[in-house]
Amino acid sequence: MSPQPESGPMTQATIVDSHCHLDFPDFDAERPAVVQRALDAGVERMVTICTKLRLEPQVRAIAETHAPVFFAAGTHPMSAADEPLATFDELVALSAHPKFVGIGETGLDYHYTAESAEIQKQSLRIHIAAARDTKLPLIIHARAADDDMARILREEYENGAFTCVMHCFSSSAGLAQAALDLGFYLSMSGIAAFPKSQELRDIFAAAPIDRILVETDSPYLAPPPHRGKRNEPAFTAHTAKVGAEIFGLSYADFAAQTTANFDRLFWKAAL
């Protein structure tokens with residue numbers, strides 16, 4: 001049975017799912033219904049992320065089909081050794097599409113794919129160059145690579161400013177501060193709503209509220225009360241509810257602030 005639309009006071013405010021994967025086969029049977037449930041839950045916009053550039057046409061088609069959906073594209077670090085290396089020219093060319101709003105996701109993942117660290121670093125720097133050139137935000141995946149990630153971001157920023165979101169942030173306080181010091185954003189996923197994530201909630205609580213985004217990373221990481229099930233953009237509201245509690249705000253105020261943050265960073269998707 002498909003999930004029912006989210007309801008209650010949370011739906012009185014609108015919010016944005018800044019990172020989901022609507023092209024994944026988990027959604028093939030009911031993609032239009034998933035988008036509609038998100039709208040019913042007050043999720044007014046979604047950014048669907050392409051993780052392998054050869055799949056970009058499929059991701060673009062989803063954004064072209066659904067008005068509330070925008071897209072970004074890059075090579076995920078876990079695929080960096082298996083996919084053709086993205087080129088600067090490829091990424092810049094994609095940015096011409098009116099609904100293409102970000103570069104990535106890219107980054108470093110040493111938890112699962114440490115053996116490809118060098119090609120991941122090379123890929124990351126290419127994506128950063130494209131983000132710098134296009135003025136579109138870089139979308140970073142970082143796992144078990146805090147020191148290298150902080151160092152590369154600092155080095156590249158010294159070569160020329162760019163904007164960035166640390167997507168699904170669940171790394172150390174040190175990496176959070178390194179990103180914030182560069183003017184970057186931290187995105188809160190369902191992980192922040194897990195009962196055992198107090199240390200992560202404390203990291204978010206110490207960050208400026210004007211640098212916080214929310215996301216699902218669906219179909220992964222569903223927040224309570226849907227944990228263990230397929231995640232979808234409608235569930236952004238549950239993570240945002242926890243975010244509001246972290247910052248001592250009403251849901252409506254937190255939704256308004258994170259939406260303003262999204263519009264500032266993902267300026268091509270701003271209403």
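Taking residue 243, is it at negative phi, at pLDDT 95 or above and over 13 Å from the mean Cα position of the chain (by Cα)?
For residue 243, the condition - at negative phi, at pLDDT 95 or above and over 13 Å from the mean Cα position of the chain (by Cα) - is met.
To keep it simple, each residue is scored yes or no on (1) within 19 Å of the chain's Cα centre (by Cα); (2) among the aromatic types (Phe, Trp, Tyr).
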residue	(1), (2)
88	no, yes
101	yes, no
131	yes, no
140	yes, no
143	yes, no
161	no, no
166	yes, no
175	yes, no
186	yes, no
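Consider only pairs whose beta carbons are under 7 Å apart and that are at least six residues apart or on different chains; among these, list those whose first residue lies in the stretch 251-271 and is within 16 Å of residue 164 (Cβ to Cβ) and part of a helix (DSSP H, G or I) and whose second residue is of a type in the set (Lys, Arg) and open to solvent by 30 Å² or more (accessible area, probe 1.4 Å).
261/211
Considering only residues that are closer than 16 Å to residue 120 by Cα and either at pLDDT below 95 or outside any helix (DSSP H, G or I) (or both), which ones fall in the stretch 136-165?
Within the stretch 136-165, 138, 139, 140, 141, 142, 143, 144, 145 meet the criteria.
Could we say that residue 66 is open to solvent by 20 Å² or more (accessible area, probe 1.4 Å) and either on the phi > 0 side of the Ramachandran plot or touching a Leu at 6+ places or on another chain (Cβ under 9 Å) (or both) here? Even if it seems obvious, please write down each step before you answer.
Details: open to solvent by 20 Å² or more (accessible area, probe 1.4 Å): yes; either on the phi > 0 side of the Ramachandran plot or touching a Leu at 6+ places or on another chain (Cβ under 9 Å) (or both): yes.
So residue 66 passes the test.
Confirm whether residue 224 is out of contact with any helix residue (DSSP H, G or I) (no Cβ under 6 Å at 6 or more places or on another chain), surrounded by fewer than 24 Cβ atoms within 10 Å (Cβ to Cβ) and assigned to a loop (DSSP other than H, G, I, E, B).
Here the answer is no, as residue 224 does not meet what is asked.
Could you grab me the full set of residues in the stretch 86-112 that are out of contact with any strand residue (DSSP E or B) (no Cβ under 6 Å at 6 or more places or on another chain) and surrounded by fewer than 21 Cβ atoms within 10 Å (Cβ to Cβ)?
Passing the criteria: 87, 88, 89, 90, 92, 93, 95, 96, 97, 98, 110, 112.
The values are calculated or read from the model by the stated rules, or taken from the named source; none is laboratory data. Quick caveat: nothing in here was measured; it's all calculated off a predicted structure. Every residue, glycine as well, gets a Cβ built from its backbone with ideal geometry; the counts of neighbours run over all protein chains shown. Keep in mind that these areas ignore ligands, DNA and RNA; they rest on the heavy atoms of the full protein, side chains included. Shrake-Rupley method; radii C 1.70, N 1.55, O 1.52, S 1.80 Å.
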